[in-house]
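The values are calculated or read from the model by the stated rules, or taken from the named source; none is laboratory data. Values in this document were obtained by computation on a predicted structure and should not be read as measured data. Neighbour counts run over all protein chains shown; Cβ positions are idealised from the backbone, glycine included.
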Amino acid sequence: MKRLIKYFEAIMPFFAMEIIQLIIVYTLNILYGILLGFQIGAEKGGGVIGDQTAYGQAIEEAMSQNIVYMISVLAVIVSGIVFFFWYRFEIRGEVRGSLRHLFAGKNVISFVLLGIGCQLLLSGFMSLIQPLFIKIFDDYAQQVEKLTSGSGILVVLLTIFIAPIAEELVFRGVILHKTMKTLPFLGANILQALLFGIYHWNLVQGFYAALMGLLLGLIYHRFKTIFAPMLLHMLINASAFIAILLPNTTLSYLIMVVVGGLFVTINLFLIKPLAAAKLRGIEDILQEKQ
C-alpha cells in the first residue's frame, strides 16, 4: 500500500499541472466571452441577445485568436511558475550540477548538434511513416494548426522558450525527481517520458514527445541540473524551423534520419557530464562545512 501511495505521489504533479492549466484556460475564456457578450449587446441591442444561437455565434466570431492563444500561453507560464517553486522545494539540500560546466565550449557545441540531430531524426522518421497513418496525421496537422494559430512572436516565444522551461520543470524537474525516489532511474525515466507523451494529447505528438522525454530525462540525470534539459529542449524545438525548410521528398527524409541519428549518437558520447566522483567530492565538502 505504501508503494502504491508513493507511485501516486510521483505522478500527482502531472494531474496538478493539467488542473492548473485547465482552470486558467476555462476561467479566462469564460470571462473573455462575458466581456464580449456585454460589448455585442451594447452595440447590437437586446434583439441579438434574445436569439441565443445568434448571440453565441456572434461572441465566437468576435473572439480574437491572438487573445485566445495568449490565454493558453498564460496558463503555461503560471504552471511553470508553480512548478519552479515546487522543484526548488524538491531539490533543497541536494548537490546540483554547475552552469559553468554545462556551458563549457565543447558541451555547448555538442548540445546544439544533439538538438538539431534529434529534430532531424524525429521529423524525418515521422515524415517517412506518414503515408501509412493518414488519418492519424490529419488529426496531428489540425493540432499543429491550433498550436501555431497565434501571432508569429507568440508562437516563437511559446515554442522555443516558454513551453520548454515550463515542461522541463514539470516532467524532468518535479516528476522525474519524485519518481526516482521510488523507482530506479530507468523506470523513472520511462514513466516521466510516457506522461510527457500523454500530456500532448495527440498520438503523433505523444509518440515523438515520449522519445524526446527519454533523451531529456537522460540529460537531466547526467548533468544534475534542470538547465541541461531546458537548453536541449529549446534547441530541439528551435531546430523544427530548420526541418521545415528542407525538401519534402522521401530522399530528404532518409537523409534527415541518417544525419540526425549520427548527430544524436556521436554527441551523446561527446557531451561531458559532471563526473560522479566530482559530485561526491562536492557532497563531502558540504558535509564537512555542516
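Name, by its number, the condition in (1) under 29 Å from PRO247 (Cβ atoms); (2) under 20 Å from the mean Cα position of the chain (by Cα); (3) small (Gly, Ala, Ser) that does not hold for SER110. Result: SER110 passes all but (2).
Residue-level analysis places ARG222 outside the set of residues that are touching a Gly at 6+ places or on another chain (Cβ under 8 Å) and of a type in the set (Lys, Arg).
Filtered by the rule that a residue be at pLDDT below 85 and surrounded by 14 or more Cβ atoms within 10 Å (Cβ to Cβ), segment 8-36 gives ALA10, GLY33, LEU36.
Within segment 177-184, is even one residue in a helix (DSSP H, G or I) and of a type in the set (A, V, I, L, M, F, W, C)? No, segment 177-184 contains no residue that is in a helix (DSSP H, G or I) and of a type in the set (A, V, I, L, M, F, W, C). Is it the case that segment 212-219 has a residue that's surrounded by fewer than 21 Cβ atoms within 10 Å (Cβ to Cβ), part of a helix (DSSP H, G or I) and in contact with a helix residue (DSSP H, G or I) (Cβ under 6 Å, 6 or more places away or on another chain)? Taking every residue of segment 212-219 in turn, at least one turns out to be surrounded by fewer than 21 Cβ atoms within 10 Å (Cβ to Cβ), part of a helix (DSSP H, G or I) and in contact with a helix residue (DSSP H, G or I) (Cβ under 6 Å, 6 or more places away or on another chain). LEU169 falls short on exactly one of the conditions (1) surrounded by 18 or more Cβ atoms within 10 Å (Cβ to Cβ); (2) within 22 Å of GLY260 (Cβ to Cβ); (3) among the aliphatic types (A, V, I, L, M), and that condition is (2). Apart from one condition, GLY206 fits all of (1) in contact with a His (Cβ under 8 Å, 6 or more places away or on another chain); (2) at pLDDT 95 or above; the exception is (2). It is to be established whether one or more residues within segment 150-159 are touching a Ser or Thr at 6+ places or on another chain (Cβ under 6 Å), within 24 Å of ILE20 (Cβ to Cβ) and either part of a helix (DSSP H, G or I) or not polar (S, T, N, Q) (or both). Scanning segment 150-159 turns up at least one residue that is touching a Ser or Thr at 6+ places or on another chain (Cβ under 6 Å), within 24 Å of ILE20 (Cβ to Cβ) and either part of a helix (DSSP H, G or I) or not polar (S, T, N, Q) (or both).
Out of GLY173, GLY115, GLY93, GLY97, one residue alone is touching a residue at least 40 places away in the same chain (Cβ under 8 Å), closer than 26 Å to ILE81 by Cα and either of a type in the set (S, T, N, Q) or not in a helix (DSSP H, G or I) (or both). It is GLY97.
Residues in segment 185-201 that are surrounded by fewer than 18 Cβ atoms within 10 Å (Cβ to Cβ) and not in a helix (DSSP H, G or I): TRP201 alone. Scanning segment 138-161 for residues that are surrounded by 13 or more Cβ atoms within 10 Å (Cβ to Cβ) and modelled with pLDDT of 85 or more turns up LEU154, VAL155, VAL156, LEU157, LEU158, THR159, ILE160, PHE161. Quick one: which residue in ALA42, ALA75 is more than 30 Å from LEU183 (Cα to Cα) and at pLDDT below 75? Only one candidate passes the filter, namely ALA42.
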